[in-house]
Each structure stands twice: as structure tokens, then as C-alpha cells.
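Q: Let me begin by handing over the structure; questions about it come next.
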Amino acid sequence: MTNLDKRQIPIGSTYNDGIRIDLRLIASLIEPGARVLDVGCGDGSLLRYLVEKKDVDGRGLEISQSGVRACLRQGLSVVQGDADTDLKNYPSGAFDYVVLSETLQTTHNPLIVLRELVRIGRFAIVSFPNFGYWRCRWQLLVRGRMPVTKSLPLPWHATPNIHFSTIADFLTTCRQEGIVVARSYAVDQRGALGAFFGARVFANLFGAQGVFLLATELPIHGGESVAG
Amino acid sequence: MESSDLMAPADKPMVDREVHTPETFNHQPKIVLDGEMSLLLDSGVTLAPLTIAYQTYGELNADNSNAILVCHALTGDQYVAGIHPVTGRPGWWDNVVGPGLPLDTDRYFVLCANVLAGCMGSLGPPETNPKTGKPFALSFPLVTIEDMVRAQALLLDHLGIDQLFCVIGGSMGGMQALEWASRYPDRVFSAVPIAAAARHTAQNIAFHEVGRQAIMSDPNWCDGDYLNQSKRPQQGLAVARMTAHITYLSDAAFHRKFGRLLQDSQEKTYGFDAEFKVESYLRHQGSTFVDRFDANSYLYITRAMDYFDLAAQHDGVLSMSFRETPVRFCVIAFTSDWLFPVSESQAVVQALNANAANVSFCEIETDKGHDSFLLNEPEFFDVLNGFLRGAAKHRGLI
């Protein structure tokens, strides 16, 4: 079974560098100078961080016009498009990393999107809100209400999230799809790594968000933890 | 040499806002490229000597790296900014090209050439054939978008510009920008096709055919020989323009501008005068157009657009047009453009993505239709500004 990586990533607990700390975790997984496609790049904060701090050759895909405009204003290369329909246009292995941050749960076909990510990139980095987080479980179990948390802030009728999953669900899906989970992290509500995440069951309970480094085959370097 | 005696001033020359100072407007009417720079057309005909009329704005920098080639649309011309010498109105992109504007003439050397087969001084049907001393008229060879681009490349050779910082254009200008990037990837650092497409659709061709039929069925067209017979197919050309103009706007734009308003009276007159405001507007568009455009040029240029199909040059596979392209692209489309719809721009973006090209793409939300690229659309300017600044940074111009 998967062991969630206990390695401490040198990330701060504050929002310095103008970027959310969960995004800094993602950034820490990316080699400098790499070719990166950020799917669902929003206003481009991660992409800009990667371009400026890591000198990556970065591209974005974003569905909203306002997001695309915000990116273009910063001089980033971003295509207005839809992860559900447009990923098929990219050639296999075109990027070193394909990032899908907090977007998988909004797609119509998460499985197809997931397959496309690992096809297009040597690595894929996926993060999503964990529906198995104890606060979610608590709200559903005790209050009988759809969870509203810091990583799931909107009520049921307004949320763009249509495919919820837990960290455990996601890991099972990766195993079924033959996707290698090279690294996995569970982060707390603030987006910081928790020191207590030693086992999958705890990660699934105490992690507000899961962050995963995926590949189609075992990477030669690194990969301390793999899907069982 | 004057470009053409057809170019009578418009009825009401007027400037309704501040335009740029004459210093930004370098008057260089045209160059004649000598025999060595002859142009072999797609049709197999060789054009020599080749005359290209162009305008420049701003200064070329020391290493000739700051040139932006603006490609004009079907009825545009090289007078991008400043006062147009024929119409007396501001140039067609006076809101985009100038000091401090997106195409900043304090930073870039902006040039625009009248297209081949045009009627503003470049070699075209109304120009005099040196062999006969008479206007070419229909003896002028058919040209293509590819030919227009090859002619522009010869102009750049002449000016000593190896690589453009950017090639940009809307509509037919966007077709040229795509052709440029595809044909000369090493001569283009960035390309911005706006409200454009990699091919003319059947509907596009159909509208053009209506325009051409309107011109050719005007008895004053004289089988194209009207200049020698001191006649002009004004009626036909005006109808062609009226039809085309409808395709440049949108239902919403027409409704907002005119609704069902009557031109003069409150009551219906039960006749066929220009009773509705929209009729009067279209007639005005038609009548002012004939003062600045040559009917045969209209036939030739619309035909060139009809022939354009970038994928066809590569066995029908558009992505092959951009193989391993080093060019940075910014594709811009307007949501209400039904003449060059967003889907056509998306096809270009897909072809670029298939090459993992450096491409940006934005759909600008507006209800103003195809001509939005000529209007004050702040979001469009925003995108254009951001892209050009980013590209300039990478090119070392900032």
C-alpha cells in the first residue's frame, strides 16, 4: 500500500512569494528549466512563480476568459480551453510536467483527463480537495449536510466541483489505471504538510488536500513511495 | 506616381478625434523592387518589376530587431495610423498603432504594405502596365495570400530586416500572419492572427461571390475594362460593400445601432427609399467605399482569400503547417464573429498545440462581430498589450 511521503518540503507556512503554500509544494516538485503545462491555471499565479523562480518553459490551459486575460497580461502563454476536450490535441510526452491543481474534481471525465495528463507529461502533478477529510465526514455524518470547508468553500448549488473523491479513492484509481504514484502528500487546511501523515488511513482522514506526483512508469530517480 | 486617379477624396473628409502628429507618419509612398527581386506567383506568372507601397511608423533599432509587420484586411491599406491621405480620416488602426499604444511606435518599428493586387500603390489591377501603357485591369494575374506574403518578404529583404519581432493582422491580415509564420518560421519571432482562419469556408466564399457578381453585373464594369472607358462600376461595388459590411457586424450590433428606427420621418412612406436607418447606413457605407477602392482589386483580393487554405499546402493536415515552429503565437477571436468564428481560431490553436507550440489563445467576449478588431475593445487591447510585452521581454526589447 502507498506510504504517504513524510519528507518535509522546505515550504514556509505563510503566503510569501505571493503564492499559496500548496502551490509552493507543487512548485517544489518541479525541476528548474522544465517544460510545464498548467491545466486549469486560473490567474496564472503558479505559472508565473514557476517561470520567475524556476525558469521553466511554461504554458497554461484555462477555461475562463478572465483567467486567460490575467495570464496574458503577465506575459504568460495561455490557451483558453477546456481540460475535458482540449488535452487530446497535445502530443505525447510534450511536457516534463503537467500540473492539474484543484481542477480534477471539476472535470466531466476525470478518468480521461487523468490518462491524458500522464500521456502528455513525463510526470503529472495532481492536487484535489480530499472528501475523506474529517471535517467533511463530520459535517455529513453528524449534521447531514454537504461539507463546506476552506478547500471546499461553496455550497452544493454553487460549487463547480462535480466529481468528488477521497485520497483513498484516488490512489485506488491510479492503481487500476496503471499510473505510478511517485510521491504523495497530504496537506492541512492551510496547505502545509502535516507531520502526522504516516499512513494512508490518516492521510485520508486528516488531509484537507492531496498532492500527487504521477508517472506512467517508475521514474529512474527519486520515487521513494510507489503505489502498491 | 500617384497610386490611382480613382482615389478622389471622400465626400466629407473629417477627423472626429485627436490623431497622431505628422512625425510618427513617415511618408514613403512606395518602392520599386528591381528585376532581381521578381516574384513568381502561385499561378506561374512572374511579376517584375514589383512595386510595393508601404508606410512605416517609429524607428528601426540598431540590430533591426524591433520590426512589426501589420498586415491589412480586405479593404484596408498601408495607412494604419495618422491621417489617411485619401479619406482624410484616421488610419484604420489609429487606436492600436502609435506612441504608448499596444503597437508602441516609441518602441517598435511598425510597417504595413499595401497588398499585392491592392489599389493603394502596390502592383495591382488599377496600376499601369508598363508594356501597354494602360491599366492592367483583368490582365493582372490572379494572386494568392501566399503571393502577398512573398511580396512582403521581398520588401523586408530590401529593408534589411531578417526577422520580424511580430507579424500581426486581423481577418485577411490574420491569414497573412498565419502564412508568414508557416512559410518563414525563422523570420518571425511572434505572430498574432486576429479574427482570422487558416482557410476560407464555403460560406465565406459564398458571400464573396455575391460581392463579385454585384460588381460584374454592373454594366459600367465593362468586362473589367472600365478605367479605359472612363466608367466606374460604382453601383456594383457599393452593393458588394453593403453585403460584406453586414457580415462584419452582428445581429446584436445592428439592433443596438439601428433597431427598427426610421431615418427621417415618424411614419412609413410606403416606398423604397432608404427609409430605415440601417438602410441609410449601408448605402452610406457603399457610397463612401467606392471613392477609395477599385472594383477589380476587390475581385482579385476576395479571390485570393477564397483560395487560402493553409492545411491544403500540407496534405490537408493543418498541424503540419507549424511543425516544430519556434514562433510565439497569440491567437485572438471574438465571440460574436460569425464570419471568422471562434471555431476557426480554435482549429488553428489545436494545430499549434499538436506541435506543443508556444501559443496563447483568447476569446474576447463582445457582441460587435467580426469588425471588433477595429474597434475600441479594452479587453482586446489588454490581451494584445500583455502578449507583446511578454514577447518583447523574451526578444530582449524591454
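The values are calculated or read from the model by the stated rules, or taken from the named source; none is laboratory data. The structure displayed is predicted, hence computed values, not measured ones. Here the Cβ is made from the backbone with ideal geometry for all residues, glycine too, and neighbour counts use every protein chain on show. SASA here: full protein model, heavy atoms, side chains in, ligands and nucleic acids out. Shrake-Rupley method; radii C 1.70, N 1.55, O 1.52, S 1.80 Å.
Q: How far apart, in nm, are the 7 Å Cα→Cβ label points at B:ASP291 and A:THR85?
A: Distance between label points: 4.5 nm.
Q: May I ask you to compute the full-extension gain from B:HIS314 to B:HIS394, defined as 0.36 nm times their residue separation minus their alpha-carbon distance, rounded to one decimal in nm?
A: Values: separation 80, 0.36 × 80 = 28.80 nm, distance 3.00 nm.
Gain on extension, B:HIS314 to B:HIS394, equals 25.8 nm.
Q: Only Lys, Arg, Asp and Glu count, each charged at its Cβ (+1, +1, -1, -1), so figure out the dipole size of region A:59-218 about its Cα centre, rounded to 20 debye. Provide the component values of the computation, followed by the final result.
A: Numbers: 16 positive and 11 negative charges, 92 e Å.
Charge dipole of region A:59-218: 440 debye, to the nearest 20.
Q: Separate question: Under the classification rounded if a/c is under 1.5, otherwise prolate if a/b is larger than b/c and oblate if not, where does chain B fall, given a ≥ b ≥ c as square roots of the Cα gyration tensor eigenvalues? Don't jump to the answer; show the numbers that get you there.
A: Values: a/c = 1.45, a/b = 1.20, b/c = 1.21.
Note, shape of chain B comes out rounded.
Q: Taking a cut-off of 17 Å between Cα atoms, list the aspartates and glutamates near A:LYS88, but don't count ones fewer than 8 places away on the same chain.
A: Within the straight-line limit of under 17 Å, A:LYS88 reaches these aspartates and glutamates: A:ASP38, A:GLU62, A:ASP96, A:GLU116.
Q: Right, here's the next one. Report, in whole Å, the centroid distance computed from the Cα atoms of region B:275-348 and region B:234-254.
A: Region B:275-348 and region B:234-254 have Cα centres separated by 14 Å.
Q: Express in whole angstrom the spacing between the alpha-carbon centres of region B:159-191 and region A:168-182.
A: 46 Å
Q: Taking the C-alpha atoms of region B:205-302, how large are the radius of gyration and the largest Cα-Cα span, Dmax, in Å?
A: Both quantities, over Cα of region B:205-302: 15.1, 46 Å.
Q: If you consider only alpha-carbon coordinates, what radius of gyration and Dmax does the protein assembly as shown have, in Å?
A: According to the Cα coordinates of the protein assembly as shown, Rg and Dmax are 28.7, 95 Å.
Q: Rounded to the nearest percent, how much of the accessible area of the protein assembly as shown (1.4 Å probe, protein heavy atoms only) is carbon and sulfur? Before the final figure, lay out the partial values.
A: Values: 13620 of 26160 Å².
Within the protein assembly as shown, the accessible surface is 52 percent carbon and sulfur.
Q: Where in region B:97-134 does the label zone of B:HIS158 land, with the point 7 angstrom along Cα→C-beta and an amide N cut-off under 20 Å?
A: B:109-131
Q: Using a 1.4 Å probe on the protein heavy atoms only, what accessible surface does B:THR288 show? Give it in Å² to the nearest 10.
A: We get 40 Å² for B:THR288.
Q: If each residue of separation counts as 0.36 nm, what is the full-extension length gain between B:ARG323 and B:SER38 once their alpha-carbon separation is subtracted?
A: On the way: separation 285, 0.36 × 285 = 102.60 nm, distance 2.86 nm.
Result for the pair: 99.7 nm of gain on full extension.
Q: While we're on this one: Quote the FRET efficiency, to the nearest 0.05, computed for B:ARG256 versus B:SER343 with a Förster distance R0 of 35 Å and r equal to the Cβ-Cβ distance.
A: 0.90
Q: Just to check I understand the Karplus step: with θ = phi - 60° and J = 6.51 cos²θ - 1.76 cosθ + 1.60, what whole-Hz values come out for region B:102-109, glycine and proline as x?
A: x, 8, 6, 6, 6, 10, 10, 9
Q: Pairs B:LYS277/B:LYS368; A:LYS53/B:LYS393; B:LYS257/B:LYS368; A:LYS54/B:LYS393; A:LYS54/A:LYS150: which exceed 21 Å Cα-Cα? Don't skip to the answer; put the middle values down first.
A: On the way: B:LYS277/B:LYS368 18 Å; A:LYS53/B:LYS393 16 Å; B:LYS257/B:LYS368 10 Å; A:LYS54/B:LYS393 17 Å; A:LYS54/A:LYS150 29 Å.
From the list (B:LYS277/B:LYS368; A:LYS53/B:LYS393; B:LYS257/B:LYS368; A:LYS54/B:LYS393; A:LYS54/A:LYS150), the Cα-Cα distance tops 21 Å for A:LYS54/A:LYS150.
Q: Across region B:53-58, in residue order, what do the Karplus-derived ³J(HN,Hα) couplings come to in whole Hz, using 6.51 cos²θ - 1.76 cosθ + 1.60 with θ = phi - 60° and x for Gly and Pro?
A: Values, residue by residue: 9, 8, 10, 10, 9, x Hz.
Q: Once you have the Cα-Cα distance between B:ASP264 and B:ILE246, take 0.36 nm times their residue separation minus that, and quote the gain in nm to one decimal.
A: Values: separation 18, 0.36 × 18 = 6.48 nm, distance 2.20 nm.
Using 0.36 nm per residue and subtracting the Cα-Cα distance, I get 4.3 nm.
Q: Once you place label points 7 Å from the Cα toward the Cβ at B:SER139 and B:VAL45, how far apart are they in nm?
A: Label at B:SER139, label at B:VAL45, 1.0 nm between them.
Q: May I pose another question? From the residues B:GLY286, B:LEU299, B:SER217, which one has its Cα farthest along the dipole of region B:205-302 in the positive direction, the dipole being from +1 and -1 charges on Cβ of Lys/Arg and Asp/Glu about the Cα centre?
A: With unit charges placed on the Cβ atoms, the residue in question is B:GLY286.
Q: What helices in chain B pass both tests, a Cα length along the helix axis of 15 Å or more and a mean Kyte hydropathy of 0.0 or higher, using whole DSSP H runs?
A: Working: long enough: B:145-159 (21 Å, 0.51); B:172-183 (16 Å, -0.23); B:202-216 (20 Å, 0.08); B:234-248 (21 Å, 0.13); B:277-289 (18 Å, -0.91); B:295-307 (18 Å, -0.24); B:342-353 (16 Å, 0.37); B:378-395 (25 Å, -0.29).
Long hydrophobic helices here: B:145-159, B:202-216, B:234-248, B:342-353.
Q: May I pose another question? May I ask for the longest run of chain B untouched by trypsin sites (Lys or Arg not before Pro) that are loop-located per DSSP and have at most 15 neighbouring C-beta atoms (other than their own) within 10 Å?
A: That would be B:18-130.
Q: Let me ask something additional. Report the A-B buried area as the accessible area lost on both sides summed, probe 1.4 Å, in Å² to the nearest 100. Mind dumping the intermediate values first?
A: Working: alone 10860 and 17040 Å², together 26160 Å².
Chains A and B together bury roughly 1700 Å² of accessible area.
Q: Quick check on region B:190-235: take the gyration tensor over C-alpha atoms, sort the square-rooted eigenvalues as a ≥ b ≥ c, and tell me if it's rounded (a/c under 1.5), prolate or oblate.
A: Values: a/c = 4.22, a/b = 2.21, b/c = 1.91.
The shape class here is prolate.
Q: Send over a whole-number figure in Å² for the accessible area per residue of the protein assembly as shown, probe 1.4 Å. Present the calculation step by step, with values, prior to reporting the outcome.
A: On the way: 26160 Å² over 626 residues.
With all protein chains present, the protein assembly as shown gives 42 Å² per residue.
Q: Name the aspartates and glutamates eligible as straight-distance cross-link partners of B:LYS134: C-alpha to C-alpha under 12 Å, and not fewer than 8 places from it in the same chain.
A: Straight-distance partners of B:LYS134: B:ASP225.
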